Structures are given as C-alpha cells and as structure tokens.
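The values are calculated or read from the model by the stated rules, or taken from the named source; none is laboratory data. It should be emphasised that the depicted structure is a prediction, and the values quoted were computed from it without experimental measurement. Positions of Cβ are generated from backbone atoms using ideal geometry, with glycine treated the same way; all protein chains shown enter the neighbour counts. Just the protein is used for accessible areas: all its heavy atoms, side chains included, with ligands, DNA and RNA removed. Shrake-Rupley method; radii C 1.70, N 1.55, O 1.52, S 1.80 Å.
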Amino acid sequence: MKRIESVKHYLLMDQGDFIVQFLDLTEDELCKQIDDLNEIRLTSLLELALRTSSSCTDPYKDSVKVELFPSGIRDMLVNMISIGTPMEKETIFELNDTFSIPGVEAFSLRFEVKWPVSLVLNDRAITNYQLIFRHLFFCKHVERRLCQVWLDGKKYKKLDPKDPVENRTAFALRQKMLNFVQNLLYYMAFEVIEPAWHIFLSTMNRVQNIDQVMEAHSSFLSSIVHDSMLTTPDLLDSITTLLSYCIQFSKKFLKKTPLHSNQRLASAMQKSTIEFDKIFSDYLVQFLRKVSSIVQNPNQSSKVVNIIHRMNFNGYYSRALEDHEL
C-alpha cells in the first residue's frame, strides 16, 4: 500500500508542493517543442524538486522518472484501446507519423517498480496513471499561464491607474477561463480521485489474495479515467479545445505591450479579445450541453453532472442550457 500511496502522490498530484516546485523549475524548458527538450536536464530538475519539497522524506522518490510521449492524450487513449487487437500495428505507425507537440503536452512521470509489486503496478496500470497525470499536468500549466496574465495585468494597472476598457475586457475573459480550469481541476481532484481513493482503501481492508488486490486497483483506476471524462472522446475534445484557447489567449496577452501606449493597438486588442470571448464562451456552452446530454446515458456516471453545477454556480449559463433542452 505504501508504494501505491507514493504513486498517488506523484502521478495523481497528491503532493501539491512538489508539482508547484517542479513547474517553477521547468516552465521555460517545457514550453519548447518535444524535439528540442533535454531529457537529462528535465531529470535533473525533477530530482531537485523531489529533494527540495516535502517529497524528500518519501523512501520511494527515486522510483519516479521522466518520460516523454510523442503524441497527445487522445492518441495515447487510442493506443491503449488497440493493444492486443489487429489495430495495434496500424496505430503505432500512425502515432510515429504525428507532428511535434509542445513539451508540456508530451511530459509525464513514470514510476519504476520490480516484481512482485509489478503484479499490481503493471504496465497497463502505470499507463492509466500517466494518462491521468498528463491531463492534470496540462491543466495545471494552463492555470499557471492564466495566473501570469493576471500578474501582468496588475503591473499594467500600476502603469495606467485609469484601467482602460481594453484591459477590463481582457481581465474578464481571463477570469472566465481561470474559472473553467480551476473548477475542472477541483472536480477531478476532489470529486473523482479522492472519493475513488477512499473506496479503494475500504476495499483493500477486505481483500484476501493478490487477485482481489489487482481487481480493486484496476477498478480504482478505471473509475478515475472514466469519471475524468477521458474515455468520452466528445467531452475530451471539448476540454482540449477550451484549454488550447486558454493557452492562445495567455500567449497573446503575455507578450503584448501596455494597451494605453498605442490607441490603434488598443483598439485591435479589444477587438481580438471580444472575438476570443465569443469563441471561448460558445465552446464552453457546447461542452456543458454535451455533459448535460451524456449524463442522461445510464452507462455514464451521474457524478459528471457536478461539473455543470460548479461552472454554472451563479446561473450564468442557465439560459443557454435551458434553450438546449427545449
């Protein structure tokens, strides 16, 4: 159990200070494309983060390694599904032919174990952990980028206390994006992972042999992957699109000059922000509608509906959702 708890700390981001420390150290490196990443440097920074956070007391911290994937999360899912089927060779060929992706999307951790622990933490289990980790890690990266936009906004506000309309429009959109990302992270951490972990611990108190341990662990991972919407392609595509728009927005506004310094630039940025807001809002409403529709499926966990309650906590999207139901 101690080994599984250690895996949870790192691959399910239970150890909060470690992941913050690691992101602080690697943010610039992970913004590069995967072909330009230095895996040795990432490994060194990982070891530094492990030894300068609360993870330094973990006896299994040396089992945590860096792994870079050449494809995105959806391709990884397709590859997992095709294992042991006639599609496996064809899928591997297609994945090898994919374009280069950013380092932050390619990055993952790997937990090395030996027999007999490998009976439970086998390759398929570790792959499931990595799938969840990559999704959480990218969401954390997006959250940090949006927070950086907020910090830059405070700097520009000091330069121009009048706070021009262009800034207010951008900051309102940034808050809308941040609300989406933080609620998504909260949902996965406290409404998916933690309840599944408590059920797993309860089951482990009743197991009598290794087969029951493997079954309980497999059920634990399956419930997390399923309730995190990773096995629903339609929802995963919507989440990926929304996160990519958050990244595009943060890139655009982190490299801009103060809006008050050039009236023409300010007008262009306001127009761009309004377009961003419309596109992001449309995709977000589409995502919430998809969740609302999918929840009606008896094979889908009703837990997913909680994400609507969190994102629509003040009824802002209620009208759009009601129109869809009609």
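Which pairs in the list K8/K251; K2/K140; K2/K61; K278/K303; K176/K303 are over 21 Å apart, alpha-carbon to alpha-carbon? Walk me through the numbers on the way to the answer.
Details: K8/K251 32 Å; K2/K140 26 Å; K2/K61 12 Å; K278/K303 28 Å; K176/K303 23 Å.
In this structure, K8/K251; K2/K140; K278/K303; K176/K303 lie more than 21 Å apart at Cα.
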Would any residue of region 43-70 have its amide N under 20 Å from a label point 7 Å out along Cα→Cβ of D123? List them or say none.
64-70
3J(HN,Hα) from dihedral phi, region 42-55, Karplus parametrisation 6.51/-1.76/1.60, rounded to Hz, x for glycine, proline
4, 5, 5, 5, 5, 4, 5, 5, 5, 8, 10, 10, 5, 5
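Using a 1.4 Å probe over the heavy atoms of the protein chains, calculate the carbon and sulfur portion of the accessible area of region 163-223 as a whole percent.
Working: 1550 of 2880 Å².
About 54 percent, which is the carbon plus sulfur part of the accessible surface.
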Whole-Hz Karplus couplings 3J(HN,Hα) for region 284-293, θ = phi - 60° and coefficients 6.51, -1.76, 1.60, Gly and Pro as x, run 5, 5, 4, 4, 5, 5, 5, 4, 4, 6
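Want the number for E29 to R3: 0.36 nm per residue separation, take away the alpha-carbon distance, what's left?
Working: separation 26, 0.36 × 26 = 9.36 nm, distance 2.95 nm.
My answer for the length gained is 6.4 nm.
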Which whole-Hz couplings ³J(HN,Hα) result when phi for each residue of region 130-147 is put into the Karplus expression 6.51 cos²θ - 1.76 cosθ + 1.60, θ = phi - 60°, listed in order with x for Gly and Pro?
5, 4, 5, 4, 4, 5, 5, 5, 5, 4, 5, 4, 4, 4, 5, 5, 5, 5
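Given a 1.4 angstrom probe, what's the average accessible area per residue across region 198-239, in square angstrom?
Computed with neighbouring chains in place, this is 50 Å² per residue.
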Given q = 0.27 Å⁻¹, what are the Debye log10 I(q)/I(0) values for region 1-76, with equal point scatterers placed on the Cα positions and solvent ignored?
-1.33
